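K.L.:
Before I ask anything, here is the structure I am working with.
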Amino acid sequence: MNTKRILEILNKYEIRAKKKYGQNFLVDEKVIDKIVSTVNEGEYVIEIGPGLGSLTEELLKRAGRLTAYEIDEELVEILKEEYPDEKLELVNRDFLQVEMPEEKAVLVSNLPYYITGDILLKCFREKDSLKSMTVMMQKEAADRFFSGKYEYGVLNILADWYSEYHVVCKADRHCFIPAPNVDSTVMEFVFNDRKADEGFISFLNACFAQRRKLLAGNLKKAGYVIERDLGKARVEELSAEQLHELYEEIR
Ligand code: SAM
């Protein structure tokens with residue numbers, strides 16, 4: 001997929017990118033290749049927001065099967081026409097509302113940036129259905145995984161506890177049509193075998209409720225009984241392992 005082809009599709013169907021859905025279409029073939037190369041031949045792939053098919057087209061060459069969730073009905077109709085392929089299942093739904101398929105999948109997405117956090121949280125919550133996820137996000141959103149300051153809070157701990165993650169590549173604003181006013185980073189999260197646990201997420205929500213306050217106070221306020229003396233510890237001083245250990249103790 002390149003600029004010429006995206007412009008052709010936009011003109012052919014007389015449509016424009018919709019800001020409200022975070023539509024910026026990827027046209028840089030090197031970035032597309034790097035993203036798609038994180039998928040192994042024959043794997044079952046889930047794509048969030050196929051848009052005009054920049055990733056979908058290449059993913060179909062590798063995937064055993066591909067389920068793509070697209071919120072914009074107009075784009076779903078275009079995708080059906082442009083990519084008639086038995087391997088492709090197009091679902092016109094808000095990804096945040098869908099139930100994950102039974103078969104374990106590799107998730108790939110150039111994320112709609114306005115819901116990056118919500119999508120990542122859903123994927124960690126439902127990580128038992130996923131082998132990995134390769135996601136493009138705003139550069140600053142990716143940086144928050146590496147600053148060592150738990151800038152996201154719960155999401156940082158879930159990423160540390162449930163996955164190994166790294167940067168796949170960077171993509172500046174000129175890699176997209178229309179060009180957004182931010183630069184982007186592609187990250188891959190490879191999930192481990194630890195079982196998803198809603199209790200742990202509730203516990204983490206309590207830990208981060210008032211992150212500048214003492215951890216002991218936050219937990220007490222949420223009704224957790226702690227035997228151990230946590231002293232003056234604040235949540236930011238504990239690793240994901242230490243927080244999980246604490247969770248196991250007070251369950
Ligand atoms: N994958 C395409 C690409 O790389 O060119 C499009 C990426 S664009 C940044 C994000 C896509 O997500 C858009 O097609 C948009 O319509 C879709 N989208 C936005 N919100 C969504 C949601 N809640 N569920 C599913 N798709 C969504």
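K.L.:
Using only the Cα atoms, what convex hull volume per residue in Å³ does the chain have?
P.N.:
Numbers: hull volume 30.7 nm³, N = 251.
It comes to 122 Å³ per residue, whole-number rounded.
K.L.:
Still on this structure, I have one more. Nearest 10 degrees, 0 to 90: what angle lies between the long axis of helix 3-12 and the longest principal axis of the chain (Cα atoms)?
P.N.:
On a 0 to 90 degree scale, this one is about 70.
K.L.:
When the chain is modelled as a GNM with alpha-carbon springs shorter than 10 Å, which of 24, 11, 40 fluctuates the most?
P.N.:
11
K.L.:
Please list, by residue number, every one of the chymotrypsin sites (Phe, Trp or Tyr not before Pro) in the stretch 93-181 that is coil in DSSP and has at most 15 other beta-carbon atoms within 10 Å.
P.N.:
In loop regions of the stretch 93-181 (DSSP not H, G, I, E or B), the sparsely surrounded chymotrypsin sites (Phe, Trp or Tyr not before Pro) are 146.
K.L.:
May I ask you to sort 177, 48 by Cβ crowding, counting other Cβ atoms within 10 Å and putting the fewest first?
P.N.:
177, 48
K.L.:
With only alpha-carbon atoms in the gyration tensor, what are the semi-axes of the equivalent ellipsoid for the stretch 102-147, in Å, largest first?
P.N.:
On the way: eigenvalues 80, 23, 19 Å².
The three semi-axes for the stretch 102-147 are 20, 11, 10 Å.
K.L.:
I need the trypsin sites (Lys or Arg not before Pro) found in the stretch 1-51, filtered to DSSP loop residues with at most 13 other beta carbons within 10 Å of theirs.
P.N.:
Within the stretch 1-51, the qualifying trypsin sites (Lys or Arg not before Pro) (loop, at most 13 other Cβ atoms within 10 Å) are 16, 18.
K.L.:
Okay, moving on. Taking 0.36 nm per intervening residue step and subtracting the Cα-Cα distance, what contour gain separates residue 29 from residue 222 on full extension?
P.N.:
The span from residue 29 to residue 222 would gain 64.6 nm if fully extended.
K.L.:
Follow-up question, since we're still on this one. If you take all C-alpha pairs in the stretch 105-251, what percent of them are over 27 Å apart?
P.N.:
Summing the P(r) of the stretch 105-251 above 27 Å gives 28 percent of all pairs.
K.L.:
Quick one: angle between helix 240-250 and the longest Cα principal axis of the chain, in degrees between 0 and 90, rounded to 10, please.
P.N.:
For 240-250 against the chain, the angle is about 50 degrees.
K.L.:
Which GluC sites (Glu not before Pro) does the stretch 138-232 hold that lie in a coil by DSSP with at most 16 other beta carbons within 10 Å?
P.N.:
Answer in residue order: 151, 227.
K.L.:
Nearest 10 degrees is fine. How inclined is helix 73-82 to the longest principal axis of the chain, computing both from alpha carbons?
P.N.:
For helix 73-82, the angle is close to 50 degrees.
K.L.:
Report the antiparallel proportion of the DSSP beta bridges in the chain as a percent, rounded to a multiple of 5.
P.N.:
Beta bridges within the chain, antiparallel portion: roughly 50 percent.
K.L.:
Nearest 20 debye, what's the magnitude of the dipole of the stretch 198-250 about its Cα centre given +1 on Lys and Arg Cβ and -1 on Asp and Glu Cβ?
P.N.:
480
FYI, it's all coordinate maths here, none of it is from the lab. None of the values given here were measured: they were computed from a predicted structure. When we count neighbours, we look across all protein chains shown, and the Cβ atoms used for this are built from the backbone with ideal geometry, even at glycine.
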